[in-house]
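**Q** The structure that follows is given in the form of structure tokens.
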Amino acid sequence: MQPEDPGRAVAERIVGNVRKVILGKEETVRLGVIALVCQGHVLIEDVPGVGKTMLAKSLARSTACTFSRIQFTPDLLPSDITGASIFNQKTAEFQFRAGPVHAQIILADEINRATPKTQSALLEAMEERQVTVDGVTHRLPNPFMVMATQNPVEYEGTFPLPEAQLDRFILRIRLGYPTAAEEVAILESQQLAHPYDTLGPVASPAEVLRLQEDVRRVYVDALVKQYIVSLTEGSRRHKDIALGASPRASLALQRAAQAHAFLQGREYVLPDDVKALAGPVLAHRLVLTASARMQGLDGLHVVSQLTEQATVPGARVAARM
């Protein structure tokens, strides 16, 4: 794919626009755009105050997508998310009032503070792009992406996300603290006004939909597909893993690798694309054994082992390209 490709130019404009607000975190911003162009959802896990909410808002504004924020709390009900049928006394009929999930980019803020019953209200929306209320199915808009945030250090008053919910997030990303120089730049950029206040759209929802179609057409060689499966299958046999990656994880890793290749200006996926996205795609889907947790291991450590041990395809892929 040539650098002047219009689709890639649109993606780069989105990345550059969001970077005006999220300073010093280009890789994280790119991961957010990757999730958007491969029709995925993102779990942003980090400490408060590092820009999780602003990342979601900036991405929505940069693409002119409708935006909705849902503040998850223990008393939040499923109907507060999906909407409800309200009886209209004038017409003597029930009318559906759409909930905040009926937007194109959703910020599910502090998702692990809600009860499992309320968390499950997002399962149908994230997987099937629809919600069912009182037996009636309501389609959600396109494009549609959920960006959920959770704080990894505040465990009191939280409900851990179940495996079925975690498996629906294509990526888990972390922003991390800025460097000293980056933090000074943040102070300077917000001294008079917040950069978000002047942020304008650089793409349209229609262009995002075209980007999603472009990503689907990125070529994936059979050997690269086997490489992806070797990683997910290896997680199911790893001694430190109680529950390995599902076939949905294999699909997510392939789609994320396609998006990574697309943003690199290529029409084909390399094993390096798979390696670059293996951690963000797979780590949060793995359930470690009790002994592994006691040793201080985490999903990223296991994924790193898997990528080191798996045989990387080369000859046939190189010949094809």
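The values are calculated or read from the model by the stated rules, or taken from the named source; none is laboratory data. No experiment lies behind these values; they were computed from the predicted model shown. Every residue, glycine as well, gets a Cβ built from its backbone with ideal geometry; the counts of neighbours run over all protein chains shown.
**Q** Considering only region 10-23, I want to know if a residue exists there that is aliphatic (A, V, I, L, M), touching a His at 6+ places or on another chain (Cβ under 9 Å) and either crowded, with 23+ Cβ neighbours inside 10 Å or touching a residue at least 24 places away in the same chain (Cβ under 8 Å) (or both).
**A** The answer is yes, given that some residue of region 10-23 is aliphatic (A, V, I, L, M), touching a His at 6+ places or on another chain (Cβ under 9 Å) and either crowded, with 23+ Cβ neighbours inside 10 Å or touching a residue at least 24 places away in the same chain (Cβ under 8 Å) (or both).
**Q** Of the residues Glu182, Glu127, Glu110, Glu163, which is in contact with a Phe, Trp or Tyr (Cβ under 9 Å, 6 or more places away or on another chain) and either over 19 Å from Thr53 (Cβ atoms) or not basic (Lys, Arg) (or both)?
**A** Glu110
**Q** Given the residues Arg210, Arg255, Arg236, which is the only one that is of a type in the set (Lys, Arg) and outside the structural domain of Thr307 (by TED's automatic domain parsing)?
**A** On inspection, the qualifying residue turns out to be Arg210.
**Q** Would you be able to say whether some residue in region 151-171 is touching a helix residue (DSSP H, G or I) at 6+ places or on another chain (Cβ under 9 Å), acidic (Asp, Glu) and at pLDDT 85 or above?
**A** Yes: region 151-171 contains one or more residues that are touching a helix residue (DSSP H, G or I) at 6+ places or on another chain (Cβ under 9 Å), acidic (Asp, Glu) and at pLDDT 85 or above.
**Q** Another question about this same structure. Within region 147-155, can one find any residue that is surrounded by fewer than 21 Cβ atoms within 10 Å (Cβ to Cβ), in a loop (DSSP other than H, G, I, E, B), in contact (Cβ under 8 Å) with a residue 24 or more places away in the chain and not assigned by TED's automatic domain parsing to the domain that holds Glu26?
**A** no
**Q** Output the residues belonging to region 51-70 that are among the hydrophobic types (A, V, I, L, M, F, W, C) and in contact (Cβ under 8 Å) with a residue 60 or more places away in the chain.
**A** Across region 51-70, the qualifying residues are Met54, Leu55, Ala56, Leu59, Ala64, Cys65.
**Q** If I ask for residues that are touching a residue at least 24 places away in the same chain (Cβ under 8 Å) and part of a loop (DSSP other than H, G, I, E, B), which ones from region 76-95 would you list?
**A** Within region 76-95, Leu76, Leu77, Pro78 qualify.
**Q** Taking Glu207 as the residue in question, decide whether it is in a helix (DSSP H, G or I) and at pLDDT below 90.
**A** no
**Q** Quick check on Gly24: is it in a loop (DSSP other than H, G, I, E, B) and not aromatic (Phe, Trp, Tyr)?
**A** yes
**Q** Then there is this: Looking only at residues that are of a type in the set (Gly, Ala, Ser) and in a helix (DSSP H, G or I) in region 105-126, which one is nearest to Ile170 (Cα to Cα)?
**A** The qualifying residue nearest to Ile170 (Cα to Cα) is Ala125.
**Q** Within the set of pairs 6 or more residues apart or between chains, which connect a residue that is assigned by TED's automatic domain parsing to the domain that holds Ala148 and among the small types (Gly, Ala, Ser) inside region 98-122 to a residue that is in a loop (DSSP other than H, G, I, E, B) and surrounded by 22 or more Cβ atoms within 10 Å (Cβ to Cβ) with Cβ atoms less than 6 Å apart?
**A** Pairs that qualify, where the first residue is assigned by TED's automatic domain parsing to the domain that holds Ala148 and among the small types (Gly, Ala, Ser) and the partner is in a loop (DSSP other than H, G, I, E, B) and surrounded by 22 or more Cβ atoms within 10 Å (Cβ to Cβ), are Ala114/Phe72.
**Q** Output the residue which, of all residues in region 286-315 that are surrounded by fewer than 13 Cβ atoms within 10 Å (Cβ to Cβ) and assigned to a loop (DSSP other than H, G, I, E, B), is nearest to the chain's Cα centre (by Cα).
**A** By that ranking, first place goes to Gly296.
**Q** Of the residues Val274, Val287, only one is outside the structural domain of Asp167 (by TED's automatic domain parsing) and modelled with pLDDT of 95 or more; which?
**A** Val274
**Q** For region 38-75, name all the residues that are surrounded by fewer than 22 Cβ atoms within 10 Å (Cβ to Cβ), in a helix (DSSP H, G or I) and under 16 Å from the mean Cα position of the chain (by Cα).
**A** Selection gives Thr53, Met54, Lys57.
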